[in-house]
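Before any comments, here is the structure.
The values are calculated or read from the model by the stated rules, or taken from the named source; none is laboratory data. As the structure is a prediction and not an experimental result, all values here were calculated from the model. Quick reminder, even Gly has a Cβ in these numbers, built from the backbone with ideal geometry, and neighbours come from all protein chains shown.
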Amino acid sequence: MIVVKTSWKTRIGIGATAALSAMILALGSPAYATEGSAPPEPGQAESDIEYTPVKPTADKVFINGEPTDIAVMPGFDPTAPAVVIDDKGPVAVDDLSVVSADGLVSELSMVSITDRAALASCWTGWVAPGTGTWYTSNPGCSVIGISPSATAGYDWTVDFNSLGSACLQGRGYQARHLPGGGTAWDEYFAGLGCGGGGSFGGGTVSWGEVASTKVVKALSYSVPTGAAGMYQ
């Protein structure tokens, strides 16, 4: 078995300097502490949320040397900082790794929710061009849920110098228990709210026993003017 040590380079999002003050404010009140789900943005009722079936990979998550049944989703980034969560929020584990189907082992870099310096590397840029359509961000940090009722929190900012406004949605997962046994998974995007230049917000989405990477979608509601910001 090959053991590979991975590292992470801090992502620099669009408008990082302009968003710094809002980022600090958002970090002071992380969305992980929020109960329940964020309300849908205008035009997105709960019944309008689309659930897309997604098939986990054959990779396995090991915690403290023991294999788990955590579903590793396509696109999971083992080099990104990882936050481990249960139904009460972020938790600490001594050892965390992912073993691929071909036996490659990646030791993950764990992030404590109280470590602001480490969390700063999770901030990732998003852009909503003034076209009136949804745009998907680059992936952010990894989240590994270790309980069926785990929820993941999102924080977002809009650059202070942004002339436009946008609504954001965060990726989450929903489990489906099959009649013959086993679990299937659906991916969905839930509303995280809207804002203009200098604003910030956030919300939570269902996650469950899933290893995946955070992603947001953004839509400008100030067409033809776009907006940009950061999320974690």
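For Glu46, the conditions (1) in contact with a Pro (Cβ under 9 Å, 6 or more places away or on another chain); (2) modelled with pLDDT of 95 or more are fulfilled apart from (2). Which residue pairs have Cβ atoms closer than 8 Å, lie 6 or more positions apart in sequence or on different chains, and pair a first residue in segment 208-226 that is free of Cβ contacts under 8 Å to residues at least 12 places away in the same chain and hydrophobic (A, V, I, L, M, F, W, C) with a second residue that is in a loop (DSSP other than H, G, I, E, B) and surrounded by fewer than 22 Cβ atoms within 10 Å (Cβ to Cβ)? Here the result reads none, with nothing in segment 208-226 linked to a residue that is in a loop (DSSP other than H, G, I, E, B) and surrounded by fewer than 22 Cβ atoms within 10 Å (Cβ to Cβ). Taking segment 170-194, which residues are part of a strand (DSSP E or B) and hydrophobic (A, V, I, L, M, F, W, C)? Residues satisfying the conditions are Ala175, Ala184, Trp185, Phe189, Ala190, Leu192, Cys194. Suppose the filter is over 14 Å from Tyr231 (Cβ atoms) and touching a residue at least 12 places away in the same chain (Cβ under 8 Å); does Gly132 pass it? Against the criterion (over 14 Å from Tyr231 (Cβ atoms) and touching a residue at least 12 places away in the same chain (Cβ under 8 Å)), Gly132 qualifies. Taken as a whole, the condition of being of a type outside the set (Lys, Arg), exposed (fewer than 13 other Cβ atoms within 10 Å of the Cβ) and either modelled with pLDDT of 85 or more or over 17 Å from Tyr173 (Cβ atoms) (or both) applies to Asp95. Reported count of residues in segment 157-192, each being at pLDDT below 95 and of a type in the set (D, E, K, R), is 1.
Are any of the residues in segment 150-157 assigned to a loop (DSSP other than H, G, I, E, B) and within 28 Å of Asp95 (Cβ to Cβ)? Yes, segment 150-157 has at least one match. Go through the residues of segment 195-207 one by one and say whether even a single one is assigned to a loop (DSSP other than H, G, I, E, B), of a type outside the set (Val, Ile, Thr) and either at positive phi or touching a Lys or Arg at 6+ places or on another chain (Cβ under 6 Å) (or both). The answer is yes; a qualifying residue exists.
When segment 136-156 is filtered for residues that are under 20 Å from Pro224 (Cα atoms) and either modelled with pLDDT under 95 or in contact with a Gly (Cβ under 9 Å, 6 or more places away or on another chain) (or both), only Ser137 remains.
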